[in-house]
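Heads up, the thing below is written out as structure tokens.
The values are calculated or read from the model by the stated rules, or taken from the named source; none is laboratory data. Worth saying up front: this structure is predicted, and the values here are computed from it rather than measured. Cβ sites come from the backbone with ideal geometry, for glycine too, and all protein chains shown count toward neighbours. Keep in mind that these areas ignore ligands, DNA and RNA; they rest on the heavy atoms of the full protein, side chains included. Shrake-Rupley method; radii C 1.70, N 1.55, O 1.52, S 1.80 Å.
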Protein chains: 2
Amino acid sequence: VLLVSGGIGPTEDDLTRQALAAVMGEPLLPSSEWLAELEAFFRKVNRPMSPLNRVQAMIPRGARMIFNSAGTAAGIHETLSNGGRRCEVFVMPGVPKEMKIMFARDVLPRLTEIGAGAVILSRTLHTFGLGESAVAEKLGPLMTRGRNPSVGTTVSGGIVSLRINANFPSRARAASELEESEVACRRALGPLIFGQDDETLQGVLAKMVRDAGKTIATAESCTGGLLAKMLTDVPGSSAFFQQGWITYSNAAKTKLLSVPPALIEQHGAVSEPVAAAMATAAATLAGASFGIGISGIAGPDGGTPAKPVGTVCIALHVGARQSCAVRTFVLSGDREMIRDRSAKMALTLLRFDLLGQPLPF
Amino acid sequence: VLLVSGGIGPTEDDLTRQALAAVMGEPLLPSSEWLAELEAFFRKVNRPMSPLNRVQAMIPRGARMIFNSAGTAAGIHETLSNGGRRCEVFVMPGVPKEMKIMFARDVLPRLTEIGAGAVILSRTLHTFGLGESAVAEKLGPLMTRGRNPSVGTTVSGGIVSLRINANFPSRARAASELEESEVACRRALGPLIFGQDDETLQGVLAKMVRDAGKTIATAESCTGGLLAKMLTDVPGSSAFFQQGWITYSNAAKTKLLSVPPALIEQHGAVSEPVAAAMATAAATLAGASFGIGISGIAGPDGGTPAKPVGTVCIALHVGARQSCAVRTFVLSGDREMIRDRSAKMALTLLRFDLLGQPLPF
């Protein structure tokens with residue numbers, strides 16, 4: 001099996017379809033089926049179709065066109081034979097989103113048909129809040145090299161993920177071994193694990209909030225809207241999120257959220273009392289079950305010895321208890337990382353409150 | 001030269017340092033210099049240092065430790081010799097951010113010393129608003145395959161970028177040829193090009209707004225804070241951005257921004273009059289030079305035949321002219337893409353207003 005990704009765009013340096021046609025010894029012909037799709041697409045978005053786009057409907061004679069539901073380049077599937085050997089060739093777009101959709105929809109089902117022999121089943125578990133070393137330490141011997149199922153960790157955007165791979169001769173055995181290792185990982189990490197596989201922190205949280213029939217309002221300073229953006233990443237977020245404030249300046253904190261200027265003067269804008277006042281005001285003004293307030297120093301400037309860059313105060317106002325919990329973190333990384341981790345930490349504070357569990361760090 | 005990225009994390013599956021030590025035939029020893037750095041780092045973030053982190057200070061005896069200013073794994077540099085042949089080996093972290101910083105700071109300067117022969121100079125120009133095919137068409141023969149300097153296009157997050165590579169025997173020739181091709185590309189695309197190389201749309205816009213001494217306020221519905229997040233991506237953004245509103249529900253639009261319920265009822269929340277009312281209210285309430293209002297259907301639900309998913313109304317209120325311009329776009333892609341393109345389109349509307357030029361699409 002040969003999987004090719006990329007080189008089927010409309011420009012002169014896109015040469016994958018030409019290469020496949022050369023190997024097949026066949027000319028490139030337009031797929032009338034895909035041309036019709038393209039024309040309909042450009043009509044829909046009300047833009048003229050460039051002649052270059054017609055190139056994206058060209059496939060070698062005799063090959064199968066693969067429908068692209070997320071872009072303008074058709075995929076190509078061809079079975080090459082040489083003597084007694086066969087090779088299935090799948091050409092997919094290079095744009096990751098388009099490639100993934102095409103792979104899941106068309107290529108993977110065919111690969112499963114072709115496949116035989118050993119079965120590898122995988123599961124990914126996601127955590128947020130502890131570093132990779134601390135997570136690995138909690139997992140202990142589960143991560144021993146050579147173990148089957150294997151357990152490895154990766155980090156992306158502060159999310160430490162565990163990848164469990166079970167490699168066994170039968171599907172049933174692989175499934176039961178995978179299950180057993182997953183249970184062991186979950187026992188070792190407890191509620192630090194927020195989700196698995198394609199689940200996101202915001203997606204998991206959104207479901208919890210919606211299921212609980214609660215609502216959230218946000219008041220952000222250093223994250224500048226990122227927390228609200230994450231909450232509204234989730235389709236249907238209007239069920240639990242109706243409004244938020246971005247109060248970047250001190251004056252805006254006072255004007256929009258009635259944070260007393262004296263409080264800011266006494267403790268500084270980046271302080272637990274100010275974050276708490278923001279959270280409480282957001283919940284109260286919005287009539288929401290929860291209010292989250294974030295104030296911090298994302299840098300690169302603005303740090304002091306007492307409050308270095310990365311200092312972030314996050315407050316969670318819980319309407320039902322009429323109480324507000326505040327935590328201060330010192331996050332590392334650049335501006336983008338500090339803002340991202342601040343928003344994820346805020347989601348995590350709320351998640352543990354909904355779980356009724358203390359934060360494990 | 002061998003550049004290795006990754007496998008120097010703290011866990012059992014990180015084996016790059018062991019592999020290099022095996023090739024060198026040397027034991028791994030802790031770098032006392034890096035251990036001291038690590039200890040200082042964990043003191044600063046006030047977390048205990050895991051014994052696993054000590055592994056990240058191990059380097060083969062005789063190799064040079066490369067300072068990692070963005071993470072906990074030390075890089076490694078070693079010159080391998082075999083007979084008369086030498087190979088410079090640089091081991092960098094796998095985390096892209098850490099790798100890039102280490103590459104730029106330590107590895108690249110050494111490669112430049114080592115290098116000789118042909119010179120390749122590159123420039124990347126960024127555009128937003130037109131598709132890849134439309135950009136390619138405007139560039140015409142500049143993109144001909146085999147041309148030197150070569151001009152190719154790539155797309156990432158809706159940003160269509162031109163990469164110009166000039167490959168010539170001397171640096172002077174490469175520089176003058178690169179310059180000439182860049183001028184030709186800029187002539188073909190005009191103000192569609194918003195920046196070059198590492199510049200971002202928000203970074204370029206922030207500089208323009210700051211230089212003009214203007215301020216921006218935002219009122220977002222479907223983008224849910226993403227526009228404000230982009231504006232505050234830029235260090236020092238407090239100079240031009242002080243506050244924003246996220247009015248996700250109709251009630252919030254009315255309560256926070258005084259959008260008349262009758263206007264919403266008559267035209268719908270996703271309509272030019274409502275986006276305009278949001279933009280004007282944001283500018284007025286904040287006392288800002290510009291107000292941006294965004295209302296749209298990010299999907300996957302909520303589309304209608306008249307207003308399909310991807311329909312986004314973006315309004316720009318200009319205080320100095322006491323006028324508000326509104327445009328409706330039908331953007332393609334999934335929820336994440338529609339929200340991202342909406343925010344970038346809003347930045348683009350503002351950019352063209354600051355340039356005093358009409359939008360070229």
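Find the helices (runs of 4 or more DSSP H) located wholly in the range B:1-105 whose residues include 2 or more that are under 24 Å from A:Arg335 (Cβ atoms) and hydrophobic (A, V, I, L, M, F, W, C), and list them.
On the way: elements: B:16-24, B:32-44, B:51-55, B:96-102.
Because the criterion is at least 2 residues that are under 24 Å from A:Arg335 (Cβ atoms) and hydrophobic (A, V, I, L, M, F, W, C), the helices (runs of 4 or more DSSP H) in the range B:1-105 that meet it are B:32-44, B:96-102.
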Breaking point among (1) touching a residue at least 24 places away in the same chain (Cβ under 8 Å); (2) under 15 Å from A:Gly244 (Cα atoms); (3) not hydrophobic (A, V, I, L, M, F, W, C), for B:Gly195: (2)
Any pair with Cβ under 6 angstrom, 6 or more apart, that starts in the range B:181-192 at a residue that is touching a residue at least 40 places away in the same chain (Cβ under 8 Å) and ends at one that is part of a helix (DSSP H, G or I): B:Ala184/B:Leu142; B:Ala188/B:Lys138; B:Ala188/B:Leu139; B:Leu189/B:Lys138; B:Pro191/B:Leu355
Residue satisfying condition, being surrounded by fewer than 22 Cβ atoms within 10 Å (Cβ to Cβ) and either within 26 Å of the chain's Cα centre (by Cα) or not acidic (Asp, Glu) (or both), within set A:Thr112, A:Thr72: A:Thr112
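Restricting to the range B:48-64, and then to whatever is modelled with pLDDT of 90 or more and open to solvent by 50 Å² or more (accessible area, probe 1.4 Å), can you tell me which residue is farthest from the other protein chains (Cβ to nearest Cβ)? Give the steps one after another, and end with the answer.
The first filter runs over the range B:48-64 and keeps only residues modelled with pLDDT of 90 or more, leaving B:57-64.
In the following step, the residues that additionally are open to solvent by 50 Å² or more (accessible area, probe 1.4 Å) were identified as B:58, B:61-62, B:64.
Working: B:Met58: 14, B:Arg61: 23, B:Gly62: 26, B:Arg64: 24 Å.
That would be B:Gly62.
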Boolean, A:Thr247 is open to solvent by less than 10 Å² (accessible area, probe 1.4 Å) and facing another protein chain (nearest Cβ under 7 Å): yes
Helices (runs of 4 or more DSSP H) wholly inside the range A:133-233 that include at least 3 residues being closer than 30 Å to B:Leu256 by Cα: A:201-211, A:226-231
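Out of everything in the range A:118-132 that is touching a residue at least 40 places away in the same chain (Cβ under 8 Å) and not in a strand (DSSP E or B), what residue ends up being most open to solvent (accessible area, probe 1.4 Å)? Break it down stepwise before answering.
Taking the range A:118-132 first, the residues touching a residue at least 40 places away in the same chain (Cβ under 8 Å) are A:118-130.
Narrowing further to those that are not in a strand (DSSP E or B): A:118, A:129-130.
Values: A:Ala118: 73, A:Gly129: 10, A:Leu130: 29 Å².
Applying the filter and picking the extreme gives A:Ala118.
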Identity of the residue in the range B:279-302, assigned to a loop (DSSP other than H, G, I, E, B) and open to solvent by 40 Å² or more (accessible area, probe 1.4 Å), that ends up nearest to B:Gly268 (Cα to Cα): B:Gly302
Test: residue in the range A:261-269 that is at pLDDT 95 or above and crowded, with 22+ Cβ neighbours inside 10 Å: yes
Number of positions in the range B:132-172 that are small (Gly, Ala, Ser), under 12 Å from B:Cys185 (Cα atoms) and more than 9 Å from chain A (Cβ to nearest Cβ): 2
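Residues checked against (1) touching a residue at least 60 places away in the same chain (Cβ under 8 Å); (2) more than 12 Å from chain B (Cβ to nearest Cβ):
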position: A:Val1; (1), (2): yes, yes
position: A:Val4; (1), (2): yes, yes
position: A:Asp14; (1), (2): no, no
position: A:Leu20; (1), (2): yes, yes
position: A:Gly25; (1), (2): no, yes
position: A:Pro30; (1), (2): no, yes
position: A:Asn46; (1), (2): no, no
Enumeration of residues in the range B:106-142 that are touching a strand residue (DSSP E or B) at 6+ places or on another chain (Cβ under 9 Å), under 20 Å from A:Gly7 (Cα atoms) and among the acidic types (Asp, Glu): B:Glu132
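Would you mind stating whether A:Ser342 is surrounded by 23 or more Cβ atoms within 10 Å (Cβ to Cβ), of a type in the set (Ser, Thr, Tyr) and either more than 18 Å from A:Val204 (Cα to Cα) or in contact with a Leu (Cβ under 9 Å, 6 or more places away or on another chain) (or both)? Lay out the reasoning, then the answer.
Numbers: surrounded by 23 or more Cβ atoms within 10 Å (Cβ to Cβ): yes; of a type in the set (Ser, Thr, Tyr): yes; either more than 18 Å from A:Val204 (Cα to Cα) or in contact with a Leu (Cβ under 9 Å, 6 or more places away or on another chain) (or both): yes.
Criteria met by A:Ser342.
What residue, among those in the range A:312-339 that are of a type in the set (A, V, I, L, M, F, W, C) and open to solvent by 20 Å² or more (accessible area, probe 1.4 Å), is nearest to A:Gly213 (Cα to Cα)?
Taking the range A:312-339 first, the residues of a type in the set (A, V, I, L, M, F, W, C) are A:312-316, A:318, A:320, A:324-326, A:329-331, A:337-338.
The next check asks that each one be open to solvent by 20 Å² or more (accessible area, probe 1.4 Å); those that pass are A:320, A:324-326, A:330-331, A:337.
On the way: A:Ala320: 12, A:Cys324: 20, A:Ala325: 21, A:Val326: 23, A:Val330: 32, A:Leu331: 32, A:Met337: 31 Å.
Filtering the range A:312-339 for residues that are of a type in the set (A, V, I, L, M, F, W, C) and open to solvent by 20 Å² or more (accessible area, probe 1.4 Å), the one nearest to A:Gly213 (Cα to Cα) comes out as A:Ala320.
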Selection from the range A:192-207 of residues that are surrounded by fewer than 17 Cβ atoms within 10 Å (Cβ to Cβ) and more than 14 Å from the chain's Cα centre (by Cα): A:Lys207
Evaluation of B:Thr348 against (1) buried (at least 21 other Cβ atoms within 10 Å of the Cβ); (2) assigned to a strand (DSSP E or B); (3) away from chain A (no Cβ under 14 Å) (one fails), failing number: (2)
Among the residues listed as A:Phe67, A:Phe90, A:Phe42, the single one being touching a Gly at 6+ places or on another chain (Cβ under 9 Å) and surrounded by fewer than 18 Cβ atoms within 10 Å (Cβ to Cβ): A:Phe67
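Please enumerate the residues belonging to the range B:238-257 that are over 14 Å from A:Thr218 (Cβ atoms) and in contact (Cβ under 8 Å) with a residue 12 or more places away in the chain.
If we filter the range B:238-257 for residues that are over 14 Å from A:Thr218 (Cβ atoms), which is where we start, we get B:238-242, B:250-251, B:253-255, B:257.
Answer for the range B:238-257, where residues must be over 14 Å from A:Thr218 (Cβ atoms) and in contact (Cβ under 8 Å) with a residue 12 or more places away in the chain: B:Ala239, B:Phe240, B:Phe241, B:Gln242, B:Asn250, B:Lys253, B:Leu257.
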